[in-house]
Amino acid sequence: MTNIIEASNINKKVELDKGHELHILKDVNLVIKKGEFVSVMGPSGSGKSTLLYNLSGMDRVSSGSVVFQGHELGSLKEDELAKIRLKYMGFIFQDINLLKNLSVIDNVMFPALVSKGVVKNKVLQKARKLLQMTGIDKLENHQITQASGGQLQRVGICRALINNPDIIFGDEPTGALDSKSTEDILSILGEISSTGTTVMLVTHDVKVAAKTERVLFMKDGNLVAEKKMKKFDHLQDDSKEREESIMKWMVKNGF
Amino acid sequence: MYLKIIKNDFKRKKVITSTVFVFITLAVLLGSSATNIIANLIQSMSAFNLAAEPADITQMHVGDYDQIAIDQFTEAHQEQIAMQETMELLTIDGVNIHFRDNNSFAGTVQDISFVVQNTEFDFILDLNNEKLNVKEGEIAVPIYFMEEYELTIGELITVVQGAYKKQFVIADYARDFEMNSSLSSSKRFVINPKDYGDMLQGKVGEREYLIQFKLRENADSKKLQTEYIDSGLPANGPIVTGDMFLIFNALSDATIAIIIILISILLIIIASLSIRLTFLATIDEDLREIGVMKAIGLSNKDIKKVYLNKYRVMSVVAGIIGYLLSFVVINLFTSNMRLYLSSDLSGSLKYLLSLVAPLFVYLMIVLYCKKILKQIDKISAIEALRSNIMVRGKNRKYRFPLLQNKFFNTNIYMGIRDVWNRFKLYRLLILIFAVCTFIIILPLNLYNTMNSPEFTTYMGIGKSDVRIDLRRTDTISEDFKKLQEELQNDPGVEKFSAYITSSFPVKNKEGTWDYLNIETGDFSVFPLNYLNGRAPEKAGEISLSYANASSDGLNKKVGDEVIVEVVGEEKSLKVTGIYQDITNGGKTAKAHSSLGLNEDAVLWYIVYLDLREGVDKVKKMDHYQNMFVGAQVNDIQDYKKQTLGNMMNQLNSIVLGGIVIAGMIIVLITALFMKMLLSKDQSQIAIMRSIGLTSKQIQQQYVAGTLMVLIVGIILGVLASEFLGEFLFSLAMTSMGAARIEFIQIIWQTWILCPLILIVIVGVTITLCCKATFKKDLSIVLRG
């Protein structure tokens, strides 16, 4: 498998007050391979989300380098980074972050419609297919104020997938959802991963991590350990064992 | 505590607070200046009036006159007349008055007279409002000429006519209550009695007389005028009353004051709208804080106080600054007044009167804020703390889905649909853009209208190339005939028409007789635009000027009859039309030539003519000027410019000022609005950026939306200035005799150049605002 992201010695520092700095990421080295389903765990403030934003180019590292499919993100201008995000990346957020004044279908289609050389009809077909896949096709023309949290997160996933990205980043995508919705979303993400799309999630929920095949553990800005597991199989459903194994591993690494 | 909150608030919203502050200061500054101008104007007019003691009735007359008969008339009307004095004038052709190297007053449309200071009243003053006392060999020159020809004290003026030649040293400015304004067509130069005697001996110029009356309080001026004429006393020239001089003197400064007040009011409106904008933005940002304040038990009144105090402090500080600054800038506005009317407003009156503006602005702002702040009552603590609730559950109809877009790029479409979806927010901006456009276009239209050849319509004359005025001389009837024959045979003249104006007794609405100046001739040659009806075409027809037809005049409409006394016989004339005329106090009339003349009271002879294409106008004018020595030959455009010159120059400054003020307001408001909008949309922008939209694409959305709003604002502004402006201007001009002025629009200026300037200004402002905002760190916004 080829590498999709290569991060070398990345550091992220934030200036708080005059002379005071917060060192959020400390010399993190990481390689993500194409098609991997990765989760990042760790206590609050360990730098999980910061890592995600820096790997996706939404934030810039203070030192070190992040290479995404051959592009050194640090050397790119904001608008070049935006183009890469539009074409190759998809994002799912805990707060969902949909555009308030667009309907469900328009939110999903929007990233495709602002891309160059798109055929509107094809975009519409694709969006409908995604809505169907995530089970919210009936909401197509609804406004986002008319949907529940779980439904909205599915809209977010559809939007992330509309441009056929190479990687999906998720920042606590199930953080604000009930257990049923969480299950549904995880199953959709599993399906996406099985099609060969790389998925990288930040989570504090061991149930979410148990569905992935590689778990990274962060503490105090350091990437302290990683655990590889075989792909999760719904038919087999060994979630409980996977969860326990991850918990033990985290405790062992200082959780 | 409150002060601390206000201080922090200032720090947090520097740009918005400063912008609103600037608007309030400007509004106070202009308001105070305008009050000051008006106070100045009233005080200087009264001081000027007191020092100059102008006549209440001035009867102009040329030719023989009998002072004894006038004295008897005065004696007989003692209960009405306080004083009478007859001023003798020597009217000299501008060609004969020279200054500097080979310059003369030849081109002026003004009648120039040399006079000696009166002894009883109607005094001509110096710039200190002291009676002029001109020494031998010296001359005091009217302010109008000092300005027009940039003359200075100490320069020489030479009068040459025939064998007579005399050099005068300019010793002073002549401030003349009766003839200061460019709107009155005569100007008086004051010389020493000895020099005047020499001129008489040298047979220089033509003698004219101003038979002047100073009336007692409560005297009936109109009745006295009629009685004077009925007594058969000398009266072959027009009669001018004191209130006309007052209007002429105050007109240009009053116009400026009114325009400044108008701009000041617009600024107060804009400041209020900005506060509303600010509040809309703040309430959104501060929603949680309001919730916390409510939750910990602060009453609505206390919370409002926090906001209100901020604007109270702001209005007080801005009011003080604007008030103080007004005393610095007032000089810019009153230079014309200082020169023509008086030196300066004295005493503490101006300080007191100027306080009206800041107090008014303060009250307006506080009342307006109180009104907006009522919204706080509607917000519950829970709603405020969980601000998302406010968004949830609102199921408005979804309009403009993205797939409906057939013509635009998706980002441009997003911008345009945003305007529709948040129209409440944008409508403020539309209003502001419309007001700014109005500020630019109204003076521009005014300027273009006054500058256009069609403006002569409002001066009671049709569109023509040249106007020839014949001055009253002994040979005037022959000259007039000869001029017409000459024009008839001139191949360079395409068409011409001759008019004679004489004064006729006309029965007024009370059934008594008034004198009315009626112009006779063929009015089909240079047709006028009539407000109602048409020009008189045959015997028994008359048309009246608007002021004459109005209730203040004869109170007639088209179809009514007017009784005119012609050579002792009463004739009934039918009113065929009503036209606009701002000359001669607005009260004129036109009748068919068959009406004949009132030989004793012919006022003036005028010929209008058009030249054939390719004929050199200047050469032709020179030809007739040389042929008829007593004639005044003027290019119509020149005539208009000299008559309205002062006002045109002031308008020019107002057009430029309007563009600068509107430009400033637009930049500030657009920046303020964008800052508010971008901060309101911060999270939405971050979402779009996270999806992969470039800053350019997002910028496109805002530019498209705002420009659409601007275009709507421009259209409204232009239409408002065309219709509302036209209406307001006509209303203002009604008192002068023009009730329906149609603006001349120069399409490329109103619909292309001005909008283009505004679009560029707004476009650049939005781009700069967006650039500053998009620099913000994306992940911080997304993660809250």
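The values are calculated or read from the model by the stated rules, or taken from the named source; none is laboratory data. As the structure is a prediction and not an experimental result, all values here were calculated from the model. FYI the Cβ positions are ideal-geometry reconstructions off the backbone, even for glycines, and counts take in every protein chain you see.
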Practice task
Would you please name the residue that is modelled with the highest pLDDT, looking only at residues in region A:153-188 that are among the β-branched types (Val, Ile, Thr), within 19 Å of A:Ser49 (Cβ to Cβ) and assigned to a helix (DSSP H, G or I)?
Solution key: A:Ile157
Problem - Which numbered condition B:Lys481 fails, given (1) touching a residue at least 24 places away in the same chain (Cβ under 8 Å); (2) farther than 30 Å from B:Leu224 by Cβ - result: (1)
Practice task
Go through region B:220-251 and give me each residue that's within 20 Å of B:Gly511 (Cβ to Cβ) and in contact with a strand residue (DSSP E or B) (Cβ under 8 Å, 6 or more places away or on another chain).
Solution key: B:Ser221, B:Lys222, B:Leu224, B:Gln225, B:Thr226, B:Tyr228, B:Ile229, B:Asp230
Fill in the blank from the handout: Within region B:633-656, residues small (Gly, Ala, Ser) and in contact (Cβ under 8 Å) with a residue 24 or more places away in the chain come out as B:Gly645
Practice task
Select from region A:222-245 the residues that are more than 19 Å from the chain's Cα centre (by Cα) and either under 30 Å from A:Glu21 (Cβ atoms) or not in a loop (DSSP other than H, G, I, E, B) (or both) and list them in ascending order.
Solution key: A:Asn222, A:Val224, A:Ala225, A:Ser239, A:Lys240, A:Glu241, A:Arg242, A:Glu243, A:Glu244, A:Ser245
Fill in the blank from the handout: Those residues of region A:111-121 which are facing chain B (nearest Cβ under 7 Å) and within 18 Å of A:Pro165 (Cα to Cα) amount to A:Pro111, A:Leu113, A:Val114
Fill in the blank from the handout: Cβ pairs under 6 Å, 6+ apart or interchain, first in region B:604-615 and within 17 Å of B:Ser185 (Cα to Cα), second of a type in the set (D, E, K, R), ordered by first then second residue, are B:Ile606/B:Asp469
Practice task
Quickly run through region A:128-152 and pick out the residues that are in a helix (DSSP H, G or I) and either facing chain B (nearest Cβ under 10 Å) or among the β-branched types (Val, Ile, Thr) (or both).
Solution key: A:Ile144, A:Thr145, A:Gln146
Exercise for the section: Among the residues of region A:75-110, count how many are more than 8 Å from chain B (Cβ to nearest Cβ), closer than 25 Å to A:Lys13 by Cβ and either among the aromatic types (Phe, Trp, Tyr) or buried (at least 17 other Cβ atoms within 10 Å of the Cβ) (or both). Expected result: 2
Practice task
Give the residues of region B:523-561 that are part of a strand (DSSP E or B) and either in contact with a His (Cβ under 9 Å, 6 or more places away or on another chain) or buried (at least 22 other Cβ atoms within 10 Å of the Cβ) (or both), sorted by residue number.
Solution key: B:Glu541, B:Ile542, B:Ser543, B:Leu544, B:Ser545
Practice task
With a cut-off of at least 2 residues that are among the polar types (S, T, N, Q) and either more than 16 Å from A:Val199 (Cβ to Cβ) or more than 20 Å from the chain's Cα centre (by Cα) (or both), name the strands (runs of 3 or more DSSP E) lying wholly within region A:1-107.
Solution key: A:3-15, A:63-68
Exercise for the section: Could you check, for region B:47-63, whether at least one of its residues is of a type outside the set (Phe, Trp, Tyr) and within 17 Å of B:Val361 (Cβ to Cβ)? Expected result: no
Fill in the blank from the handout: Those helices (runs of 4 or more DSSP H) completely within region B:667-784 that have 1 or more residues that are farther than 30 Å from B:Glu454 by Cβ and at pLDDT 85 or above are B:682-691, B:695-734, B:754-774
Handout entry: Residue list for region B:632-651, filter: modelled with pLDDT of 75 or more and either among the hydrophobic types (A, V, I, L, M, F, W, C) or under 12 Å from B:Leu444 (Cβ atoms) (or both)
Key = B:Val633, B:Ile636
Exercise for the section: With a cut-off of at least 2 residues that are more than 35 Å from the chain's Cα centre (by Cα), name the strands (runs of 3 or more DSSP E) lying wholly within region B:1-116. Expected result: B:81-92
Handout entry: Matching entry among B:Lys310, B:Lys370 (being surrounded by 14 or more Cβ atoms within 10 Å (Cβ to Cβ) and either under 20 Å from B:Ser272 (Cα atoms) or modelled with pLDDT under 80 (or both))
Key = B:Lys310
Practice task
Could you pull out the residue among B:Gly705, B:Gly713, B:Gly717, B:Gly763 that is within 14 Å of chain A (Cβ to nearest Cβ) and more than 30 Å from B:Gly460 (Cβ to Cβ)?
Solution key: B:Gly705
Handout entry: Test set (1) among the aliphatic types (A, V, I, L, M); (2) in contact with a His (Cβ under 9 Å, 6 or more places away or on another chain); (3) within 12 Å of chain B (Cβ to nearest Cβ) - A:Met41 fails condition number
Key = (3)
Handout entry: Which numbered condition B:Gly692 misses (of (1) surrounded by 21 or more Cβ atoms within 10 Å (Cβ to Cβ); (2) in contact with a Cys (Cβ under 9 Å, 6 or more places away or on another chain))
Key = (2)
Practice task
Answer yes or no as to whether A:Phe169 is within 9 Å of another protein chain (Cβ to nearest Cβ), out of contact with any Cys (no Cβ under 7 Å at 6 or more places or on another chain) and either more than 23 Å from B:Gln701 (Cβ to Cβ) or aromatic (Phe, Trp, Tyr) (or both).
Solution key: no
Exercise for the section: Determine whether region B:504-511 contains at least one residue that is surrounded by fewer than 17 Cβ atoms within 10 Å (Cβ to Cβ) and without any contact (Cβ under 8 Å) to a residue 12 or more places away in the chain. Expected result: yes
Fill in the blank from the handout: Over region B:335-366, the set of residues polar (S, T, N, Q) and in contact with an Asp or Glu (Cβ under 8 Å, 6 or more places away or on another chain) is B:Asn336
Exercise for the section: Identify the single condition in (1) in contact (Cβ under 8 Å) with a residue 12 or more places away in the chain; (2) surrounded by fewer than 21 Cβ atoms within 10 Å (Cβ to Cβ); (3) among the small types (Gly, Ala, Ser) that B:Ser182 does not satisfy, given that it satisfies every other one. Expected result: (2)
Problem - B:Ser326 being buried (at least 19 other Cβ atoms within 10 Å of the Cβ), among the polar types (S, T, N, Q), closer than 30 Å to B:Leu50 by Cβ and modelled with pLDDT of 85 or more - result: yes
Exercise for the section: Tell me which residues, restricted to region B:117-166, are part of a loop (DSSP other than H, G, I, E, B), over 24 Å from B:Met83 (Cβ atoms) and without any contact (Cβ under 8 Å) to a residue 24 or more places away in the chain. Expected result: B:Glu150, B:Thr152, B:Ile153, B:Gly154
